[in-house]
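Report on the structure given below.
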Amino acid sequence: MLKTNDEVDKKVDLNLDAVSMILKQAGKGADEVAALSTLDDADRAAENQFSGEAPTIASLFGKGKAAEFYAGSFNPSPQVAKVMSDSMAFLLERKKNETLLDHRKMLFHSETISGLAQLGFFGLAIPEKYGGSGAKLGDLGPLLRALTFIHPDLAVMFEVHNFLGPVTPILDFGTEEQKEYYLPRMARGELLGSFALTEPGVGADPSRLSMTARREGDQYFISGVKWPITNVIYGGVCILVLKLEGENLPPGRDSGMIVFEVPKTDTPHFKMVRNDLVAFDYLWNARFRLTEMAVPASTLLGPPGKGLAQAFSSLAKGRGGIGVNSAAKIFKLLAQIILDPNQVSSDGLHKRFAHGGWTSFRSTFGKPIGSSPRIRTWVGRSTCHGLAGRVLGDLCFRLAANGVRDETQGMIAKVYATKGLLQTAINVYQIQGGRSVHSDERRKANQRQQPLTMENPIENYVGENMHEFTIATVYEGPNPVLADVGAPNAMTRGIRAKYLEPIGVAEVAGSFGLMPKLKFGMFIAKTVLCSWSPFTGSLAGVKNLFPEKKRYIRKALKRNRVLGRRILMIIAKYQKSFMDQSYLLGDEGGVFDQLCHSLASLVFALSLDKPNPEYLKVAAALDMEADVRMSGKVTTPALQTAWAEIGDLIMNGKSDLFRDLIADIEVGDIPLDPRFIDRFI
């Protein structure tokens, strides 16, 4: 339930000065105090727009409810299902006919975009009253996966248009007049959307925005640079996050969000240059400068001073999309080494591939390399992380659709899936060996706009796309920043506001702060005692609760309470300086890393609707990995054995995992396939 702006402002006002005082007392410089308090203010404002506690925080410090981590099921309305189906058929047909992409412009073909617009593709997430189909966020995960398999840039375009901006910000923060003006045009595909937060000197620290909007009468005059921005095109619409001038706002609380209609050409006030990227190379990614660009004051989205808070809210939804896309790419990578592109059956638009690819026919020391214990382990681990990452992304969408802002969970969805993708990419690259270094001759010819004269061009999905797999760890917040700064901040914000800030305020005033310290001590004692209890969470409302599922859910809830205890011990030890010990709470073996694996085990177990033996092996491996991480280790012989067994299954053409996860994924030849060397020489 949304709170009023007055309620949010009052709560933030009470905390902001306290945060600044405590940071100063902890020895922070003026610039660092300004930056940290600005971000903390934006975080709290975004969080305080909603009522209720985030499920992840409740599971750490209270009695978590397992049902709140259920990612839901795919159940679109008939209208949404028809638009999705028609769009997929249209895209698959254009891909088959090689008319999906315009290689001369390095963009999707104009007829691809116009055809999608006619089918209602760009209005899927827009309510029916504004000309869209009214899809729920929870229904869009499978669509993003399908788009990733057709062409990964399609999924990015759809995600940027809908989740980052402008559809989601306008729906969440816009006036009725703004919704009626922009959303129908976006639903018709007349305005493709983008989101501009990043600047040359502003990446991980958005408190240092330099683009400004100066208020004069009923206009803003905007000046500054945004770079790099994905999907920003001439004639589109872009959400600008910037600093407001002329609104009498205090420094650090002067951000704003403006809906900017991008001019159709360069002007004296607007200049745009397309970036030459090695990732997302069929999307328009650009840098642009505004110089005293006049826009109506009515384009301000939400109240003055709330730009960063609103941006953080949109970024959280975008992280679900990154998680879903990354999980899909994990399975596409596995398909590339497991499936045999020369054994294909087809039923209409769908192709089915047989196993027998690189892991089967490539032999070393007389045995297929897929029988190697290490490769079996790699493949099984990737299967587990891909399945859990997919459900974490879907959960992120469901929580957002229900008005729940679980910032920690969103970061987990993004970090867990992208780390799994990067690890899988490195392993598959190693499995293919030196062949991964060869250039993709078809892609090179397309990019150079040259005719493809060779009869058997070498294609290389893995080696040519390593940048695609790597960039996922950066978008929507670099993983180290989310793990070492964002997540520790999100996990502890409520405790700091309720317990640490009163202590800090008392000490700044020269008092010992006995009462707030006693309250904090009682909270620690209660939390620690409860973390030892066998009843650490509720299973009410969980469906299809068979014994194994029940056991894995209870274990995950128990682990989360233990992690809550560890967080409190770190806070109690370091108090005002504990954020400087971010490696204890962050990535690479810290509490956040352990929480990623515990939550992955929990959400995957909740997704099981029946005790399928193969999927139970995955659930058992995820549970075992979470336990191993809690002990400070990365793996054990037992865990590697479990991964290897799962690797055997997905490399077996008769298994459920094979049929469900990779048999439908289209793959190309392995570069320099030794079975067909005569094609290349």
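By definition, a body whose alpha carbon gyration tensor gives a ≥ b ≥ c is prolate when a/c is 1.5 or more and a/b is larger than b/c, and segment 566-672 fits this prolate description. The packing ranking, built from the mean of other Cβ atoms within 10 Å per residue, places the peptides 238-249, 617-628, 172-183 in the order 617-628, 238-249, 172-183, highest first. A crude spin-label estimate for the pair N612 and I681, with each label 7 Å from Cα along the Cβ direction, gives 4.3 nm.
The DSSP beta bridges internal to the chain are antiparallel in roughly 80% of cases. Tell me which label goes with the value of Cα extents along the principal axes in Å computed from the coordinates here: [x] 81, 58, 50; [y] 83, 65, 45; [z] 109, 60, 55. Here Cα extents along the principal axes in Å agrees with entry [y].
Maximal additional length on extending the D102-S345 stretch stands at 84.6 nm, based on 0.36 nm per residue less the C-alpha distance. Please work out whether segment 193-301 counts as rounded, prolate or oblate from its C-alpha gyration tensor, where a ≥ b ≥ c are the square roots of the eigenvalues and a/c under 1.5 means rounded, while otherwise a/b larger than b/c means prolate and anything else oblate? Taking the square roots of the gyration eigenvalues as a ≥ b ≥ c, segment 193-301 is oblate. Full extension of the segment from T175 to M454, taken as 0.36 nm per residue of separation minus the current Cα-Cα distance, would add 94.8 nm.
May I ask you to derive the FRET efficiency for K550 and E190 from their Cβ-Cβ distance with R0 = 41 Å, giving the value to the nearest 0.05? Numbers along the way, then the final one.
Values: r = 51 Å, r/R0 = 1.25.
About 0.20, to the nearest 0.05.
Around the amide H of L101, modelled in the peptide plane, lie the amide H atoms of H109, all under 5 Å away and 5 or more residues distant in sequence or on another chain. Modelled spin-label separation between Q79 and T267, with each label point placed 7 Å from Cα along the Cα-to-Cβ direction: 3.5 nm.
We did not get these values from a lab; they are worked out from the coordinates using the rules stated. All values reported here derive from a predicted model rather than from experimental measurement. Counting neighbours? That spans all protein chains shown, and the Cβs are built from the backbone with ideal geometry, glycine included.
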